[in-house]
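These notes are about the structure you will find just below.
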């Protein structure tokens, strides 16, 4: 009995030893099947590919190339496929390499390839390739990949980084030109100002040399702030075209998005120059629709309708004259000023200048003064809001600036009391804007500093 028990124990030990030895053997065998590699495992000439499909999660997309070489969406050939985006997908497999190869795989499940993360099919003129993307390796977080040859590869580059796309990612969006300047701009709106902007490089209408954009109010020419116009053009150029609501709008759909009567239509005329320096005139048309506080954009009568964010909508439609004109009350270059007359209370003060050794020296009562504080206070005058309201209270300060300007010999600025916090600014005899009274106080203090005897020379 004891002998039988000993034999049983020995047999059990032998079985365990054999099992361990078998396991070690299998492990060693498995290790031998994993090899380092830096070889290209798939080299695909993208020009030869005639069909492409991909599937992951709930996304399934398939595209094919027509006889004329145009890429089409299988489910709807009216969808405007962006060929450059197809090329980006195909580029992944133009020279697809692996860092490790696992040969003669029997169990693909351990690599996540029984239920692939993504399945990609590529069809060329004579071959169809199926690429399956599995799990990540725990060793180095690289993706397991199968290309249908019985092996598993650890890819040097994860194809899913490129292939995780939706249909909206594949659309050929309308192109917005990169505008830095314009020849003309027109705004037509259902509940805002309708007006035209034109460009005049030879400015004779204002004493601001930077003014090149103007509009008209009757016969009156009104200047616009060039920096604001450029900012608006930049907003147009960089409007986000990332979310379309339809890519083949019917007349009924156009109406449902507010394009039967657009909230605003913007027409921008601009000039482009080709490599041979030939110029061509172009027009960009933007229709902006608004329905139930949702905003939409149509470009140049395209069939694609884009959803606009609130911020883009505001940027495209905040185009009133007040939004685009100068905020600064004094817009001339102070270097053109050679004399300043100041009326303050019942007194009048005059500051003059001369140039010596390329330095401008200012004088009051024949004594050198520093004009810096005055310049700073003058340049700080800025509109809180615009108005054509006539002055009803006393003048706080009046300034006449004499200019070395062929078109304008002087600029006249008067600030009137409006309320406890605000002053009314007149420019050249016309009410223009309401400004913070603190700005008027700073200007008055700067004048008082000069006339009360701060006689430090200007550097």
*Report the Stokes-Einstein translational diffusion coefficient (µm² s⁻¹, integer) for the range 169-319, Rh taken as the Kirkwood radius over Cα pairs, at 37 °C with viscosity 0.692 mPa s.*
197
*Can you give the convex hull volume of the alpha carbon atoms of the range 35-170 per residue, in Å³?*
107
*Taking the Cα atoms of the range 294-337, what is the range of coordinates along each of the three principal axes, in descending order and whole Å?*
55, 20, 14
*asked:* Just to confirm my numbers, what's the Cα centroid distance between the range 83-104 and the range 204-270 in Å?
replied: 44
*Estimate the FRET efficiency between residue 310 and residue 107 by the formula 1/(1 + (r/R0)^6), using the beta-carbon distance for r and 45 Å for R0, to the nearest 0.05.*
0.25
*Work out how much length residue 248 to residue 333 would gain on full extension: take 0.36 nm times their residue separation and subtract the Cα-Cα distance, in nm to one decimal.*
25.4 nm
_As a footprinting exposure proxy, order 326, 64 by other Cβ within 10 Å, with the fewest listed first._
64, 326
*the range 330-382 to the range 383-448: how many Å between their Cα centroids?*
16
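Want the number for residue 202 to residue 358: 0.36 nm per residue separation, take away the alpha-carbon distance, what's left?
My answer for the length gained is 53.4 nm.
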*For the range 285-372, report the convex hull volume of the alpha-carbon atoms normalised per residue, in Å³, without decimals.*
195
*Relative to the longest principal axis of the chain, what angle (0 to 90°, nearest 10) does the C-alpha long axis of helix 2-33 take?*
50
_Label-point separation in nm, residue 300 to residue 76, each point 7 Å along Cα→Cβ_ = 2.2
*State, as an integer percentage, the relative contact order of the chain based on alpha-carbon contacts under 8 Å between residues 6 or more apart.*
9
_Debye-sum result for the range 222-290 in log10 I(q)/I(0), which assumes one identical scatterer on each alpha carbon, at q = 0.11, 0.14, 0.26 Å⁻¹_ = -0.43, -0.66, -1.22
*Helix axis angle, 437-451 relative to the chain longest principal axis, alpha carbon, degrees*: 50
*Please state the Cα pair-distance histogram of the range 334-451 with 10 angstrom bins from zero: what percent is in each bin?*
13, 45, 32, 9, 1
_Please compute the Kirkwood hydrodynamic radius over the chain, one decimal place, Å, based on all pairs of different Cα atoms._
29.5
*the range 277-405, relative contact order in percent, only Cα pairs under 8 angstrom and at least six apart counted*: 22
*asked:* For the chain, take the longest principal axis of its alpha carbons; what is the angle in degrees between that and the long axis of helix 226-237, to the nearest 10 within 0 to 90?
replied: 20
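Can you give the alpha-carbon Rg of the range 187-269 over 2.2 N^0.38 Å, where N counts its residues?
With N residues counted in the range 187-269, Rg over 2.2 N^0.38 Å equals 1.44.
All of the numbers you see were taken from the coordinates with simple rules; none came from a lab. Just so you know, these numbers come straight off a predicted model, no measurement behind them. Note that we place each Cβ from the backbone using ideal geometry, even for glycine, and neighbour counts take in every protein chain shown.
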